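A short reminder: the numbers here are calculations on the coordinates, not readings from a lab. Predicted model only: the values in this text are computed from it and were never measured. Quick reminder, even Gly has a Cβ in these numbers, built from the backbone with ideal geometry, and neighbours come from all protein chains shown.
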Amino acid sequence: MINIILFLFASILAILGEAKMFAVNIFTAMKNIIKKDYPENYQSRISKCENCRIFFKPLKTCGTPFRFTKNTSTSGCWCFIPFKAAIKESTCWLDENHLKGGWNE
Ligand code: SF4
């Protein structure tokens, strides 16, 4: 019984941690966009994403949970690119996974 309680407690903490990180990222992106405080490579990031093989145009997201093809079933972080690119500390999903075509190429 104690294992189940510990598991549920750990799960709740993990969910709260993810929710907090999500809220912080949204707040940071909106603040940068409102202040027009974009990273130097903001336009380059946007351009690379728009030409990326996993970019999902209808939602402007990095990959998508709504389209399952050979390339996209588990690809991308599903982030909203105009927000993601506005955060200086953001990293490209392709770069993180050591694949070609990312922001740092
Ligand atoms: S993998 Fe990188 S380049 Fe492709 S959509 Fe995502 S963030 Fe943009």
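For the chain, the 222 nm mean residue ellipticity estimated from helices alone, with every DSSP H stretch of n ≥ 4 adding -39500 (n - 2.57) and the total spread over all residues, rounds to -15000 deg cm²/dmol. Against the chain, whose longest principal axis is taken from its Cα atoms, helix 2-34 shows a tilt of about 30°.
Per-residue counts of other Cβ atoms within 10 Å, averaged by peptide: what ranking do you get for 49-61, 15-27, highest first?
Result, highest mean Cβ count within 10 Å first: 49-61, 15-27.
Using a Förster distance of 35 Å, how high is the FRET efficiency between Leu8 and Glu89, based on the Cβ-Cβ distance and rounded to 0.05?
On the way: r = 32 Å, r/R0 = 0.91.
So the FRET efficiency works out to roughly 0.65.
Residue ranges 90-100, 34-44 sort as 90-100, 34-44 when ordered by packing (mean number of other C-beta atoms within 10 Å per residue, highest first). Model label points for Met1 and Glu96, set 7 angstrom from Cα along the Cα-to-Cβ axis, are 4.0 nm apart. A crude spin-label estimate for the pair Tyr38 and Met21, with each label 7 Å from Cα along the Cβ direction, gives 2.7 nm.
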